[in-house]
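Trainee: Here it is, the structure in full.
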Amino acid sequence: MVLARESVAKAYVHGTMLDVGCGDGTLDLIWRKRVEYAVGLDIYLPALKRAKRYHDDVVYCDIRFLPIRRKASTQSYQLVF
């Protein structure tokens, strides 16, 4: 599984990433080096506070009810996981 992640990560060298259920963000270290902007979403606040180290922005939310504003709906992400 790790090898698959690394090989896919090598294909992404730019763009934006949306990490749904990011946890503490440590699994994103491979991706973070290869994207320009990363946003992490999670419902567990203690982990999300730690994820600020690895993401440009973090959002405290339940993924069943994403807080997407009308203006932000035009934002696109090249990588979502």
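Trainee: Give me the one-decimal nm value for the distance between modelled label points at Tyr44 and Val20, 7 Å along each residue's Cα-to-Cβ direction.
Mentor: 1.8 nm
Trainee: Rounded if a/c is under 1.5, else prolate if a/b beats b/c, else oblate: with a ≥ b ≥ c from the C-alpha gyration tensor eigenvalues square-rooted, which is region 13-80? Can you show the working numbers first?
Mentor: Details: a/c = 2.09, a/b = 1.03, b/c = 2.04.
Taking the square roots of the gyration eigenvalues as a ≥ b ≥ c, region 13-80 is oblate.
Trainee: Say each of Val80 and Tyr37 gets a label point 7 Å from the Cα, pointing the same way as Cα to Cβ; how far apart are those two points in nm?
Mentor: 1.6 nm
Trainee: Under the Karplus relation 6.51 cos²θ - 1.76 cosθ + 1.60, θ = phi - 60°, what is the ordered set of whole-Hz ³J(HN,Hα) values for region 18-24, x standing for Gly and Pro?
Mentor: 10, 9, 8, x, 6, x, 8
Where a number appears in this text, it was derived from the coordinates with a stated rule and is not lab data. As the structure is a prediction and not an experimental result, all values here were calculated from the model. So basically every Cβ, Gly included, is an ideal-geometry build from the backbone, and we count neighbours across all protein chains shown.
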